[in-house]
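Heads up: the structure comes next, in structure tokens.
The values are calculated or read from the model by the stated rules, or taken from the named source; none is laboratory data. For clarity, every value in this text was computed on a predicted model and none was experimentally measured. Neighbour counts run over all protein chains shown; Cβ positions are idealised from the backbone, glycine included.
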Amino acid sequence: MDRITIGLIAFIVTMVVTPFAIRFAKKYGFVDVPDKRKIHKVPTPRIGGIGIFAGVLIGILATAFFTKDTWQLWAIIPISLIAVMGFVDDVKSLSFKIKFLVQIAASILAVVLVGANLSHFNNPFGGGISLGIFGPILAVLWMVGVTNAINLTDGLDGLAAGISAIAAFTIAVTSSRINIAATLVAISVFASSVAFLRYNFHPAKTFMGDTGSQLLGFTLALLAIKGASISASTLSLAVPLLALGVPILDTVYAFGRRIFGGHNPFLPDKMHIHHQLLEIGFSQITAVLFMYAVSILFSIISITYSGIHELTAVAFYIIIGILLISFLWVMRKRRVKNGRRAENQVDKDKSDR
């Protein structure tokens, strides 16, 4: 019953607050203006993530009320810091360095205040492996990495919100026997993300902006650690690695492609997986649904094989990644071939005249 109650609370809060955020954005000009790197055609409010933040925040407070636990109350501090940073970026556009520093600061706060620490890993031969001083460092890297991974998926209407909802649902299911508070907060994230889709699915009435994407990424990364315990002395990140499969896979692919291409890995482009789906002929909606399907595949694997080791999760990444990239390559080649065939046909028709 607590799960349903908290989910409904977060859902309703996001549904109610988001329209106010849209009106606020239009009144003060906080809109995303189209340019050649962007896909949308009309100026669109870009601070809709306020609605997600409100839903998640109320969900966290409700979780504390039902569980009498305290770590999630401390989590409000770093989560709010990320949300505020995202809002300022949406309004004034911060440099990447400043955003990166704030992400690191919030992650350190999560380690210190919330106990989001990767102190030990699952050993495939039994027991756990202590990471010692490297545990907090890896935890910070994990939270910063996932925060940016979700942010990078926010390129099509409804994509980041839908993928976050699927990831949150997966974490809620897999952590339900381990950490009930993590489960309830994950349900809040799930419900808020689903509610936001009412305004963000194509054609979007508002974008979540960095306020929403960075908030979702950071919160999911934190929950992944809190809900990853197998026992009192063992952590397994296999489940969250798979739950967040699409954004992590897309980020690794994007960075690898830029580095091997001799480009700055941090410079944005239009070569993410969702952009390539559009390039081979998918519409925005079909591209988003395709990405949802891949996310659900990762989620099913994560839930079905919740006891697997991290190395097995990496193996699934490699297999699905190869299949996905091969699909994009084949479809792109076919599209180019069909384009040339059409051009040749036009030239032939002209010569026949």
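Number of residues in the range 50-95 that are among the charged types (D, E, K, R) and touching a residue at least 24 places away in the same chain (Cβ under 8 Å) equals 3.
The sole residue among S176, S164 that is in a helix (DSSP H, G or I), among the hydroxyl-bearing types (S, T, Y) and in contact with a helix residue (DSSP H, G or I) (Cβ under 6 Å, 6 or more places away or on another chain) is S164.
Restricting to the range 191-230, name every residue that is aromatic (F, W, Y) and surrounded by fewer than 24 Cβ atoms within 10 Å (Cβ to Cβ). Spell out how you get there, then give the answer.
First, pick out the residues of the range 191-230 that are aromatic (F, W, Y): 196, 199, 201, 207, 218.
Once the filter is applied, which keeps residues that are aromatic (F, W, Y) and surrounded by fewer than 24 Cβ atoms within 10 Å (Cβ to Cβ), the range 191-230 yields Y199, F201.
Exactly one residue among I163, I187 is within 20 Å of A54 (Cβ to Cβ) and either surrounded by fewer than 24 Cβ atoms within 10 Å (Cβ to Cβ) or among the β-branched types (V, I, T) (or both), and that residue is I187. Could you list, in sequence order, all residues of the range 1-31 that are exposed (fewer than 14 other Cβ atoms within 10 Å of the Cβ), over 18 Å from T44 (Cα atoms) and in contact with a Gly (Cβ under 9 Å, 6 or more places away or on another chain)? Result: V16, single match.
Could you check Y28 against (1) free of Cβ contacts under 8 Å to residues at least 12 places away in the same chain; (2) hydroxyl-bearing (S, T, Y); (3) in contact with a helix residue (DSSP H, G or I) (Cβ under 8 Å, 6 or more places away or on another chain) and say which number it fails? The single condition Y28 does not satisfy is (3). Within the range 104-151, being at pLDDT below 80 and closer than 19 Å to I79 by Cβ holds for no residue. Do we have any residue at all in the range 76-86 that's at pLDDT 95 or above, in contact with a Lys or Arg (Cβ under 7 Å, 6 or more places away or on another chain) and either assigned to a helix (DSSP H, G or I) or acidic (D, E) (or both)? Yes. Pick from the range 32-60 the residues that are in contact with a strand residue (DSSP E or B) (Cβ under 7 Å, 6 or more places away or on another chain) and crowded, with 18+ Cβ neighbours inside 10 Å: which of them is nearest to T219 (Cα to Cα)? Among them, the one singled out is R46. Restricting attention to the range 173-207, the residues that are of a type outside the set (D, E, K, R) and without any contact (Cβ under 8 Å) to a residue 24 or more places away in the chain total 1. In the range 243-255, the qualifying residues are those that are among the aliphatic types (A, V, I, L, M) and over 12 Å from the mean Cα position of the chain (by Cα), and the one that is modelled with the lowest pLDDT is A254.
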